[in-house]
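K.L.:
My questions will all concern the structure given below.
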Amino acid sequence: MIPQIARELLKRYGTEGEWLLDPYCGTGTSLVEASLFGMHSVGCDINPLARLIARVKTTPIPPALLDSRLDRLNGTLLKVGFSGDVPESPVPDILNLEYWFSGDAIRRLAFLRAEICAVEDESIRDFFWVAFSETVRECSYTRTGEFKLHRIPAPKMETFNPDVFGVFRKKLYRNRQGMSAYLQKRKRVETHVSSANTAHGDLPAPHPPNGYALALTSPPYGDSQTTVAYGQFSRLASEWIGYAEARSVDKMSMGGRVGEAAHDPDSPVASAVERIRAQDEKRGREASAFYADLERSAAAVAKALSPVSTACYVVGNRRVKGELLPTDEFVVSAFERHGFAHRETIVRNIPNKRMPKKNSPANIAGKTAATMHEENIVVCQRTG
């Protein structure tokens, strides 16, 4: 979700002082916009790195305290940089670590990690972890602009020599400027980030007494196996930080539990799923599992919303095996079963979405098909 979309939907359907729920909050765009608008908010995500970033983006830190700790860390890095002698520090147990990082990058990242672990204040430590997570990615052999985890070619690796400390400092001070601008505009509201998984029926806390007035979210377009591998993209940074579930995010994600109860056989996607299944049984089951999770999630969200509330879902209608899956209609149908009425569906182009323009639905070299170039903003309302 881009900020402009969240901002416009808040203007149309938000109410200052009320509560917003984002069951797929990612790195917290909707939570930031809610706090600028004047709504309390709760965001959920299964990815620990996304939760970290969302929490840091919405947690005010006293500027003087942050600057004091930034100056201290910067002084340490400058001293080590001038000496050229990076002290030995514990290296996390990461599978194939040398495959993804040079020896020098490992040594410097390990030193940064140790320095961050020594920070006592949790909010400042988390602030440093966010800059560190981006540094890990930029200083690895990972290809930029990819949708899954791939390594750069061997010739590029020979000349790849990132300035680990320089990248880290750059990220820190950019984020410091961002926080300063945010603190000037943020309203006095509550913001919470939760690991609750609504696809499993979980409900996040806190629970507003009258329920959430607005659900504003952008769920995954499809299962992680065949769209953007959400967990892969963040795995290396998560493992460096020490998140135990770093390698299980994609399995926990929407559609990751193939073989469980299928979605409603009368839903708007049912016929397309059956046609996919006729071509490829496995892909049909994966698509079915994704919509079963989306259906469970919509039920949990509807339960958490107030008797007078609005649900805004930004979704994409993807193709699988050449079959168009009308996810926008599925969302409408799912919420209608819980007393909501379809208000409107807004269609917008997505020129910069992190996903391929084409794929190979038949897995035949040279035979491609368009994926999607539009997303649909579905708005449903319950009026009591």
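The values are calculated or read from the model by the stated rules, or taken from the named source; none is laboratory data. These numbers come from a predicted model, not from an experiment. We place every Cβ from the backbone using ideal geometry, glycine too, and count neighbours over all the protein chains shown. These accessible areas exclude ligands, DNA and RNA; they are computed on the full protein's heavy atoms, side chains included. Shrake-Rupley method; radii C 1.70, N 1.55, O 1.52, S 1.80 Å.
K.L.:
Of all residues in segment 175-210, which are part of a helix (DSSP H, G or I) and either open to solvent by less than 80 Å² (accessible area, probe 1.4 Å) or free of Cβ contacts under 8 Å to residues at least 40 places away in the same chain (or both)?
P.N.:
Asn175, Arg176, Gln177, Gly178, Met179, Ser180, Ala181, Tyr182, Leu183, Gln184, Thr198, Ala199, listed by residue number.
K.L.:
Against the definition (of a type in the set (Gly, Ala, Ser) and open to solvent by 40 Å² or more (accessible area, probe 1.4 Å)), how does Ala64 come out, yes or no?
P.N.:
yes
K.L.:
Are any residues in segment 17-54 without any contact (Cβ under 8 Å) to a residue 40 or more places away in the chain and of a type in the set (Asp, Glu), and if so, which ones?
P.N.:
Answer for segment 17-54, where residues must be without any contact (Cβ under 8 Å) to a residue 40 or more places away in the chain and of a type in the set (Asp, Glu): just Glu33.
K.L.:
Now a separate question. What about Ile124, is it crowded, with 16+ Cβ neighbours inside 10 Å, hydrophobic (A, V, I, L, M, F, W, C) and within 23 Å of Pro62 (Cα to Cα)?
P.N.:
yes
K.L.:
Could we say that Gly145 is without any contact (Cβ under 8 Å) to a residue 40 or more places away in the chain and on the phi > 0 side of the Ramachandran plot here?
P.N.:
It is true that Gly145 is without any contact (Cβ under 8 Å) to a residue 40 or more places away in the chain and on the phi > 0 side of the Ramachandran plot.
K.L.:
Of the residues Tyr141, Tyr173, Tyr182, only one is over 26 Å from Arg55 (Cα atoms) and of a type outside the set (D, E, K, R); which?
P.N.:
Step by step, each of Tyr141, Tyr173, Tyr182 is checked, and only Tyr141 is over 26 Å from Arg55 (Cα atoms) and of a type outside the set (D, E, K, R).
K.L.:
Restricting segment 305-333 to residues that are of a type in the set (Gly, Ala, Ser) and at pLDDT below 95, which is most open to solvent (accessible area, probe 1.4 Å)?
P.N.:
Checking each candidate, the answer is Gly322.
K.L.:
Given the options Arg285, Arg277, name the one that is in contact (Cβ under 8 Å) with a residue 12 or more places away in the chain and of a type in the set (Lys, Arg).
P.N.:
Answer to the check: Arg285.
K.L.:
Residues in segment 1-38 that are surrounded by fewer than 20 Cβ atoms within 10 Å (Cβ to Cβ), out of contact with any Leu (no Cβ under 8 Å at 6 or more places or on another chain) and among the polar types (S, T, N, Q): how many?
P.N.:
Of the residues in segment 1-38, 1 are surrounded by fewer than 20 Cβ atoms within 10 Å (Cβ to Cβ), out of contact with any Leu (no Cβ under 8 Å at 6 or more places or on another chain) and among the polar types (S, T, N, Q).
K.L.:
For segment 34-130, give me every one of the helices (runs of 4 or more DSSP H) that falls completely inside it and has 1 or more residues that are over 28 Å from the mean Cα position of the chain (by Cα) and of a type in the set (Gly, Ala, Ser).
P.N.:
63-83, 103-117
K.L.:
Pick from segment 231-266 the residues that are at pLDDT 90 or above and small (Gly, Ala, Ser): which of them is farthest from the chain's Cα centre (by Cα)?
P.N.:
Of everything passing the filter in segment 231-266, Gly242 is farthest from the chain's Cα centre (by Cα).
K.L.:
If I filter segment 131-142 down to residues being assigned to a helix (DSSP H, G or I) and of a type in the set (Gly, Ala, Ser), which single residue comes out as nearest to Asn175 (Cα to Cα)?
P.N.:
It comes out as Ala131.
K.L.:
Checking Asn47 against (1) at pLDDT 95 or above; (2) closer than 26 Å to Leu236 by Cβ, which test does it fail?
P.N.:
Only one criterion is unmet by Asn47, namely (1).
K.L.:
Evaluate the following for Ser41: is it open to solvent by less than 10 Å² (accessible area, probe 1.4 Å), modelled with pLDDT of 95 or more and over 26 Å from His342 (Cβ atoms)?
P.N.:
Judged against the criteria, Ser41 is not a match.
K.L.:
Something else: Given the criterion of a type in the set (D, E, K, R), open to solvent by 50 Å² or more (accessible area, probe 1.4 Å), closer than 22 Å to Ala244 by Cα and at pLDDT below 95, identify the matching residue among Lys148, Lys156.
P.N.:
Lys148
K.L.:
From the residues in segment 347-384 that are surrounded by 17 or more Cβ atoms within 10 Å (Cβ to Cβ), at pLDDT 75 or above and not acidic (Asp, Glu), which one is farthest from the chain's Cα centre (by Cα)?
P.N.:
The selected residue is Arg382.
K.L.:
All but one of (1) more than 30 Å from Arg296 (Cα to Cα); (2) touching a residue at least 12 places away in the same chain (Cβ under 8 Å); (3) part of a helix (DSSP H, G or I) hold for Gly166; which doesn't?
P.N.:
With (1) more than 30 Å from Arg296 (Cα to Cα); (2) touching a residue at least 12 places away in the same chain (Cβ under 8 Å); (3) part of a helix (DSSP H, G or I) applied to Gly166, the lone miss is (2).
K.L.:
Working carefully through the options Glu344, Glu336, Glu281, Glu239, find the one that is surrounded by fewer than 18 Cβ atoms within 10 Å (Cβ to Cβ) and farther than 30 Å from Lys11 by Cβ.
P.N.:
Unique residue meeting the criteria: Glu281.
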